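A.B. asks: This is the structure I want to talk about, given as structure tokens.
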Amino acid sequence: MFAVLKTGGKQYKVQSGDVLRVEKLAADAGETVQFNEILMLGGDNAVVGAPTVADAAVQAEVIDQIKGEKLIHFVKRRRKHGSKRTKGHRQSLTLVKVTDILASGAGKSGVKAAIGAGSVAAAATSDAAPAKAAKAAPKKADDAGGDDLKKLSGVGPVLEQKLHDAGVTSFAQIAGWTDADVAAMNEKLSFKGRIEREGWVEQAKELAKG
């Protein structure tokens with residue numbers, strides 16, 4: 001039997017014993033986690049989800065927390081007072097080994113759900129004190145009017161609206177993002193690493209200076 005699971009915005013076709021590199025999970029080496037977004041089960045009795053297969057899951061053992069290959073991001077702005085910037089990035093990943101594929105009974109397995117590290121803060125704050133929730137979320141805008149976020153590379157009206165809906169309206173907010181904030185926003189808005197690739201934090205620091 002094989003399964004097609006979804007995690008971190010990507011799809012993986014897996015069988016028992018497969019070793020995968022997935023977007024970073026909130027789990028330690030040796031822990032068993034369960035992927036609950038199963039798009040398809042294959043084999044003698046194939047099942048296609050609509051969009052997911054009810055009560056199906058893939059269980060895996062966390063082998064290690066690792067880093068991906070180094071990516072170099074170069075930006076050059078062709079203006080009178082243009083600038084150029086080179087930045088390296090290594091994506092945080094989790095190495096897991098598939099141990100079992102469940103066609104049913106996922107809800108009663110008792111195994112910890114595989115949650116992306118970027119979404120842990122949001123999940124944890126549902127039962128936490130308001131002060132902790134405020135700390136995990138990106139800072140609110142100081143200026144009610146907000147800034148023109150379309151000045152950031154790759155941001156158009158659609159992405160700007162997504163940021164506004166998430167409570168991000170100023171360069172000062174973005175300039176103050178930590179790595180955890182960036183990961184949370186990538187996960188929440190499905191940016192898939194766009195923030196790092198485009199260098200929004202560095203751009204925002206410059207734009208916030210006026």
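The values are calculated or read from the model by the stated rules, or taken from the named source; none is laboratory data. Not measured: the values here are computed from a predicted model. Cβ coordinates were reconstructed from backbone atoms using ideal geometry, including for glycine residues, and neighbour counts include every protein chain displayed.
A.B. asks: Checking residue 74 against (1) of a type in the set (Phe, Trp, Tyr); (2) surrounded by 15 or more Cβ atoms within 10 Å (Cβ to Cβ); (3) at pLDDT below 90, only one condition comes out false. Which one?
C.D. replies: All conditions are met except number (2).
A.B. asks: Within segment 152-192, count every residue that is touching a strand residue (DSSP E or B) at 6+ places or on another chain (Cβ under 8 Å), part of a helix (DSSP H, G or I) and under 18 Å from residue 206 (Cα atoms).
C.D. replies: Qualifying residue count, segment 152-192: 0.
A.B. asks: I would also like to ask the following. Mind counting the residues in segment 154-210 that are buried (at least 16 other Cβ atoms within 10 Å of the Cβ) and among the polar types (S, T, N, Q)?
C.D. replies: 5
A.B. asks: If you don't mind, another one. Scanning segment 43-92 for residues that are over 27 Å from the mean Cα position of the chain (by Cα) and among the small types (Gly, Ala, Ser), which turns out nearest to residue 199 (Cα to Cα)?
C.D. replies: 83
A.B. asks: Sticking with this one: What are the pairs, 6+ residues apart or on separate chains, where a residue within segment 56-68 that is exposed (fewer than 15 other Cβ atoms within 10 Å of the Cβ) has its Cβ under 6 Å from a residue that is among the basic types (Lys, Arg) and part of a strand (DSSP E or B)?
C.D. replies: 67/90; 68/90
A.B. asks: Another question, then. What pairs come up if the first residue lies in segment 19-48 and is farther than 19 Å from residue 105 by Cβ, the second is small (Gly, Ala, Ser), and their beta carbons are under 6 Å apart, counting only those six or more places apart or on different chains?
C.D. replies: 22/8; 23/8; 23/116; 24/92; 24/117; 25/114; 26/117
A.B. asks: So, in segment 169-209, exactly how many residues are out of contact with any Lys or Arg (no Cβ under 8 Å at 6 or more places or on another chain) and on the phi > 0 side of the Ramachandran plot?
C.D. replies: Number satisfying all stated conditions: 3.
A.B. asks: Residue check: is residue 147 in a loop (DSSP other than H, G, I, E, B), over 20 Å from the mean Cα position of the chain (by Cα) and modelled with pLDDT of 85 or more?
C.D. replies: Answer is yes for this residue.
A.B. asks: Please enumerate the residues belonging to segment 109-123 that are in contact with a helix residue (DSSP H, G or I) (Cβ under 7 Å, 6 or more places away or on another chain) and at pLDDT below 50.
C.D. replies: 121, 122 - these are the residues of segment 109-123 that are in contact with a helix residue (DSSP H, G or I) (Cβ under 7 Å, 6 or more places away or on another chain) and at pLDDT below 50.
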